[in-house]
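Contents: one structure, followed by commentary.
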Amino acid sequence: IDERLIRHVTDRKGHDRRYGIDPTKIREELGWEPETMFSEGIRKTIDWYLENRQWMEHVTSGSYQQYYRSMYAGR
């Protein structure tokens, strides 16, 4: 990962510094276990965004907001 692409931001007020979860309930009730460890999953996620910049640019451009305004303005 290119460290130059990482941009640190100031935490929001009330922002949790840790998002730890207890997977006991989902494991016991549904038998679900994660297939991908976080360190691998975050790498895959970042790689996907880097490989799909056109999609990302479209989503962050705000053009989709205009589409929804035009489609749903009268509802």
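What to note about this one:
- Of all the criteria given as (1) over 19 Å from the mean Cα position of the chain (by Cα); (2) at pLDDT below 90, the one not satisfied by GLU3 is (1).
- Only one of the numbered conditions (1) among the charged types (D, E, K, R); (2) closer than 21 Å to ILE6 by Cα; (3) modelled with pLDDT under 90 is violated by GLU35, and that is (2).
The values are calculated or read from the model by the stated rules, or taken from the named source; none is laboratory data. Keep in mind the model is a prediction, meaning the values are calculated, not measured.
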